[in-house]
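Below is one structure, written out as structure tokens, with a few remarks after it.
The values are calculated or read from the model by the stated rules, or taken from the named source; none is laboratory data. Since the model is a prediction, treat every value here as computed from it, not as a measurement. Glycine gets a Cβ as well: all are built from the backbone with ideal geometry, and neighbour counts include every protein chain shown.
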């Protein structure tokens, strides 16, 4: 264990706070889409993580093969993740739900699809780590803490997606339909809501958000086929801690996890970060299983 003097602690503190905010914003992007889909389907979808990886590799492929710049390739990556998410919903999850499959069965089926996608990505692009962004991207300094341009974009994207979903869910008829389905899908169907169409659109939106998260993560730190597992686990833990299915709770859970991980590894190895995340999960499942925001 490493010990720091008071002056060293004060010099490290701003960077720890910035790193925690970046992690919280990253987890927020992952969790918002995850919770949105869970609200209408009521099962943990591991494919959410693999869609982030797919979007990242679409950007990588378009840039490497066709020289496409980051903005149009990112747009196509998000669109590709959204389309793939809808296809998987239509071909796998929707038929299983219509047959009365339990959330456990749906989760296991999502793990199967997740594994297949991860294997395909490894076959097509190898398992090597790939960088999407420019290593020499601009860096900014605030009170002694350094933050890169991609990390600033991650924070702004998290704010934008949260604000957009807030307006969508609270100020539109679509949002009211989503809430009705989340409360009781059968009642929503009886009163005339096209539950299948709404859920399909929710899957498209959540998959697109997962794609955006994967691309921004790839620009910041890079991509590899196995990144989907990390994305899924961080998203699931943040969602459960904050309140599964609740986008507001998801944001709180994301930042709680981000701060806990970064401050938790302050004086120990970064290899302990997953242990900290799962430790927090166990504590919440034991003491507050419904999360920070219960409703």
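Suppose the filter is under 29 Å from residue 152 (Cα atoms) and exposed (fewer than 14 other Cβ atoms within 10 Å of the Cβ); does residue 11 pass it?
Answer is yes for this residue.
Is it true that some residue in the stretch 28-50 is modelled with pLDDT of 95 or more and in contact with a strand residue (DSSP E or B) (Cβ under 7 Å, 6 or more places away or on another chain)?
Within the stretch 28-50 (the criterion being modelled with pLDDT of 95 or more and in contact with a strand residue (DSSP E or B) (Cβ under 7 Å, 6 or more places away or on another chain)), the answer is no, since none of the residues qualifies.
When you go through (1) more than 20 Å from residue 53 (Cβ to Cβ); (2) without any contact (Cβ under 8 Å) to a residue 24 or more places away in the chain; (3) assigned to a helix (DSSP H, G or I) one by one for residue 174, which number turns out not to apply?
That leaves (2) as the condition not met.
Within the stretch 185-295, which helices (runs of 4 or more DSSP H) (wholly inside it) include 3 or more residues that are under 25 Å from residue 47 (Cα atoms) and under 17 Å from the mean Cα position of the chain (by Cα)?
195-220, 227-242, 247-264, 273-287
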